[in-house]
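A.B. asks: Structure below; questions to follow.
Computed from the coordinates by the stated procedures, all read-outs in this text should not be read as laboratory data. Small disclaimer: the values here were computed from a predicted structure and weren't measured. Because the Cβ atoms are built from the backbone with ideal geometry, glycine has one as well, and the counts that use them run over all protein chains shown.
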Amino acid sequence: MYLYNSLTHKKELFVPNDPSLVKMYTCGPTVYHYAHIGNLRTYIMEDVLEKSLRYLGYPVKRVMNITDVGHLASDADTGEDKMLKGARREHKTVMEIAKFYTDAFFADCDKLNIKRPDVVEPATNCIPEYIHMVQTLLDKGFAYLAGGNVYFDTSKLKQYYVFNDHDEEDLEVGVREGVEEDTNKKNKNDFVLWFTKSKFEDQALKWESPWGVGYPGWHIECSCISMKHLGETLDIHCGGIDNAFPHHTNEIAQSESYLGHKWCNYWFHVHHLNTDQGKMSKSKGEFLTVSLLEQKGYDPMVYRLFCLQSHYRRNLVFSWENLDNAQAAYDKLIAKIAALKTEGEVDAEAFDKLKERFVSALNGDLNTSVAVTSLYDVLKAKCNDATKLAAIADFDRVLSLNLLSAAENLRKKQAEEAQTPVDPEIDALVAARTEAKKAKNFAEADRIRDELKARGIEIIDTPQGAKWRKV
Ligand code: AMP
Ligand code: ZN
């Protein structure tokens, strides 16, 4: 498999340290609010990467943190802790907020068929690990104490900007967010490993440390949680492109200074989902969540398909019109699959041929749009339907679009509709009863039901609405 590696700025053949276990790490969500669908684009594409590796025969162990402490409003270590902001907004404790939004995050992941990583570790679970790493960095001369905080000293590194092909804008995180200078820092890019002097006296979560009561910086959690579960080397580290700087740059700085050797070989960054007004945000404009898509009548699978239709290294623009196009594509695909017959034997040779294009799409830097197109190749192929259905089931192990179950549901719905007799007068009475029920006029609803009963018609309430049959 060829993957673009942000560290070397080119596509490279993926060679794990040990092919019997690919070690993969993912930066998890900051659980102070619901995830927006931009965040979830990143998790969908990482899910496809993990499933592709498994599909291609690699066993994978994937670890994800949950950021429940230390991520400040600005990625440049200033501003209020995001968790505290969430707690204040909802008049709850930080831990209540963390639990609620962690559960909400995984509920969204379930709806989008995003597999739960093998290990999920909240940042607040690993305080002894952070203290150990920070102390080692101090002992090795890579960190210093200033104004009560412990900072990483970036001047001690041969190279700090490892992902230096990013936009200027990405590198100017501090400037962009209008952050005032932290005068304790010796160098502009130094970052906090451990805080004791927060501007906010009411920082809710604090722990004893050799440097005073305080809390960890945001970056240290990912280095320590990765090493706790995956050891001293890592094959792939994933995240959204905004994480490349400063978060991942700082993770590399502290991890490799701590270890004394290279840490992670491949860096996989998913580019952003934007709106036509620019950056997606939780505070400005419409807060786009999976629940909002559902409220507007979209199946979360339509959003997953929308993401898969474009390459992970391109920015993607969200609009309702674009989502409608994905909805139309999904409906068409499912209708075609529903029309396939289930009889016949799978033709192994034809099946392997169908797989070829799909596998080569995955191997070519995870080209999910070509992988999706290869479904249409299957539908057009000259083999029998059983072979087509087997190929679709096989591809869906990676795409996870519920292709067969959605087709089955459509077939059932079509069968039900075919059974429902047509009679405009009775249809109108059934509709009037539905309206009466909606208006809570239950007496009228019952009256219509009784009238129909007297005429030998029974109403059946189904999740798709009221149907009727002659008895
Ligand atoms: P956070 O909860 O802020 O820590 O972010 C969770 C993940 O979402 C990180 O990997 C971010 O890089 C990623 N992310 C943030 N904004 C976007 C966006 N607009 N599109 C795609 N990914 C994003
Ligand atoms: Zn991280």
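A.B. asks: If the chain between E435 and N164 were fully stretched, how many nm would it gain, using 0.36 nm times the residue separation less the Cα-Cα distance?
C.D. replies: Values: separation 271, 0.36 × 271 = 97.56 nm, distance 6.18 nm.
Going from the current span to full extension adds 91.4 nm.
A.B. asks: Three principal axis extents, largest first, for the C-alpha atoms of the range 336-406, in Å?
C.D. replies: Extents along the principal axes: 36, 27, 18 Å.
A.B. asks: Taking the range 215-261 as the region of interest, what is the percent of Cα-Cα pairs per 10 angstrom bin, listed from the shortest bin to the one with the maximum distance?
C.D. replies: 25, 62, 13
A.B. asks: Could you work out the Kirkwood radius for the chain, taking every pair of different alpha carbons, averaging 1/r and inverting it, reported in Å?
C.D. replies: Working: mean 1/r = 0.0397 Å⁻¹.
After inverting the mean inverse Cα-Cα distance, the result is 25.2 Å.
A.B. asks: A follow-up question, please. Step through the table entries K438/K467; K296/K332; K186/K282; K282/K440, compare each Cα-Cα distance with 27 Å, and write down the pairs that go over it.
C.D. replies: Values: K438/K467 16 Å; K296/K332 20 Å; K186/K282 33 Å; K282/K440 37 Å.
Result: K186/K282; K282/K440 exceed 27 Å.
A.B. asks: Let me ask another. Go from 0 up to the bin containing the longest alpha carbon distance in the range 92-148, width 10 Å each, and give me the % of pairs per bin.
C.D. replies: Once binned at 10 Å, the Cα pair distances of the range 92-148 give 17, 31, 25, 21, 6.
A.B. asks: Tell me, how many Å apart are the Cα centres for the range 212-232 and for the range 297-369?
C.D. replies: 38 Å
A.B. asks: What share of Cα pairs, in percent, lie more than 21 angstrom apart in the range 394-471? Working shown, then result.
C.D. replies: Values: 1258 of 3003 pairs.
The share of Cα pairs beyond 21 Å in the range 394-471 comes to 42 percent.
A.B. asks: How big is the equivalent ellipsoid of the range 271-418 along its three axes, where each semi-axis is √(5λ) from the Cα gyration tensor, reported in whole Å from largest to smallest? Mind showing how you got there, number by number?
C.D. replies: Values: eigenvalues 189, 84, 19 Å².
Equivalent-ellipsoid dimensions as semi-axes: 31, 20, 10 Å.
A.B. asks: So how do Y4, Y43 line up by other beta-carbon neighbours within 10 Å, fewest first?
C.D. replies: With the sparsest Cβ surroundings first, the list reads Y4, Y43.
A.B. asks: Right, next: Give me Rg/Rg_expected for the range 53-113, where Rg uses Cα atoms only and Rg_expected = 2.2 N^0.38 Å with N residues. Mind showing how you got there, number by number?
C.D. replies: Working: Rg = 15.7 Å, N = 61, 2.2 N^0.38 = 10.5 Å.
Taking the Cα Rg and dividing by 2.2 N^0.38 Å, one obtains 1.50.
A.B. asks: Hey, could you pull the Cα Rg and Dmax for the range 1-158, both in Å?
C.D. replies: When restricted to Cα atoms, the range 1-158 yields Rg and Dmax of 18.3, 51 Å.
A.B. asks: Once you keep just the Cα pairs under 8 angstrom separated by 6 or more residues, what percentage relative contact order results for the chain? If you can, show how the numbers build up before the last one.
C.D. replies: Details: 694 pairs, mean separation 77.5, N = 471.
Relative contact order, the chain: 16 percent.
A.B. asks: Rounded to the nearest 0.05, what FRET efficiency do Q277 and A454 give with R0 = 56 Å and r taken as the Cβ-Cβ distance? Could you check? Can you show the working numbers first?
C.D. replies: Working: r = 58 Å, r/R0 = 1.04.
Result of the calculation: an efficiency of 0.45.
A.B. asks: Report the net charge of residues surrounding V119, where surrounding means a beta-carbon distance below 10 angstrom and charges are Lys +1, Arg +1, Asp -1, Glu -1. Show your work: numbers first, answer last.
C.D. replies: Numbers: positive: K61, R62, R116, K228; negative: D118, E121.
Computed value for this residue: +2.
A.B. asks: Grab the DSSP H runs of the chain that are 4 residues or longer, score each as -39,500 (n - 2.57), total them, divide by all residues and round the 222 nm result to the nearest 500 deg cm²/dmol. If you can, show how the numbers build up before the last one.
C.D. replies: Working: 17 runs with 214 residues, N = 471.
After summing the helix terms and dividing by residue count, I get -14500 deg cm²/dmol.
A.B. asks: Could I ask something else about it? Restricting to bridges with both residues inside the chain, how much of the DSSP beta-bridge set is antiparallel, in percent to the nearest 5?
C.D. replies: 50 percent
A.B. asks: Neighbouring Cβ atoms within 10 Å as the yardstick, rank I220, I392, I448 fewest first.
C.D. replies: Working: I220 29, I392 22, I448 19.
Neighbour counts put them in this order, fewest first: I448, I392, I220.
A.B. asks: FRET efficiency for A348 and L410, Cβ-Cβ distance as r, R0 = 35 Å, nearest 0.05?
C.D. replies: On the way: r = 28 Å, r/R0 = 0.81.
So the FRET efficiency works out to roughly 0.80.
A.B. asks: Still on this structure, I have one more. Where in the chain are the DSSP H helices whose alpha-carbon span along the long axis reaches 27 Å or more and whose Kyte-Doolittle mean is at least -1.0?
C.D. replies: Details: long enough: none.
Both cut-offs are met by no helix.
A.B. asks: For the range 1-43, what Kirkwood radius comes out of the mean inverse Cα-Cα distance, in Å? Mind showing how you got there, number by number?
C.D. replies: On the way: mean 1/r = 0.0759 Å⁻¹.
When all Cα pairs of the range 1-43 are included, the Kirkwood radius is 13.2 Å.
A.B. asks: Using the count of nearby Cβ atoms within 10 Å as a rough guide to exposure, how do Y266, Y161, Y55 rank from fewest to most? Present the calculation step by step, with values, prior to reporting the outcome.
C.D. replies: Working: Y266 21, Y161 14, Y55 17.
Ascending Cβ contact count within 10 Å gives the list Y161, Y55, Y266.
A.B. asks: What number does the range 233-350 give for Rg over Rh if you use C-alpha atoms and the Kirkwood radius? Intermediate values should be presented prior to the final figure.
C.D. replies: Working: Rg = 20.4 Å, Rh = 17.9 Å.
When Rh is taken as the Kirkwood radius, the ratio is 1.14.
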